[in-house]
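Worksheet for the structure shown next.
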Amino acid sequence: MRKDEPHLVEMPAIYEDRLTNFQKCMVLKVLRSGKMIYAVKKFVKAELGPTYIESPPFDLEGTLADSNNVTPIIFVLSPGADPIDYLNQLAEKKGMKDKMKAISLGQGQGVIAQRHIQEGQASGGWVCLQNCHLSASWMPELERIQEM
């Protein structure tokens, strides 16, 4: 029998009762390694509790309070996550709407991003760099700029 969600199917009773949660993970690893992320989450939840697999609520305003002009806020996002609307709302609330620049990185955009960063450093503006994965070759330059 083939299931689209094998990580949700209970094992036959003889194995369900005898195997530990870790051993069940190993069985899934052998049979359907592409579904390991689900098995690991289930294992962590069972062994340590749901606290360790649930993401904390997104609190951009709290994050902003912890940052300053030399401490950037860096988001490492999951596929499909896009905080730009939340960031725009916060910029408007803080009176920074006109002082925020957003740029989607990609071919040739590094120079423009660098200019926005320098202007933001001088004026106290905000700069949002999106799609950094499209400009991996420029990331060392961003690191150099950040360290200055």
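The values are calculated or read from the model by the stated rules, or taken from the named source; none is laboratory data. Because the structure is predicted, anything quoted here is derived from the model rather than measured. Quick reminder, even Gly has a Cβ in these numbers, built from the backbone with ideal geometry, and neighbours come from all protein chains shown.
Quick notes on this structure:
- Those residues of region 107-148 which are at negative phi and part of a loop (DSSP other than H, G, I, E, B), in sequence order: Q107, Q109, G125, M148
- Apart from one condition, L64 fits all of (1) of a type outside the set (G, A, S); (2) within 30 Å of I84 (Cα to Cα); (3) loosely packed, with under 12 Cβ neighbours inside 10 Å; the exception is (3).
- Restricting attention to region 17-61 and to residues that are charged (D, E, K, R), in contact (Cβ under 8 Å) with a residue 24 or more places away in the chain and outside any loop (DSSP other than H, G, I, E, B), the residue that is nearest to D85 (Cα to Cα) turns out to be E61.
- Region 8-20, subset within 14 Å of A46 (Cβ to Cβ) and at pLDDT 90 or above, residue surrounded by the most Cβ atoms within 10 Å (Cβ to Cβ): L19
- Every residue from region 65-82 that is closer than 18 Å to Q130 by Cα and either touching a strand residue (DSSP E or B) at 6+ places or on another chain (Cβ under 6 Å) or at pLDDT 85 or above (or both): none
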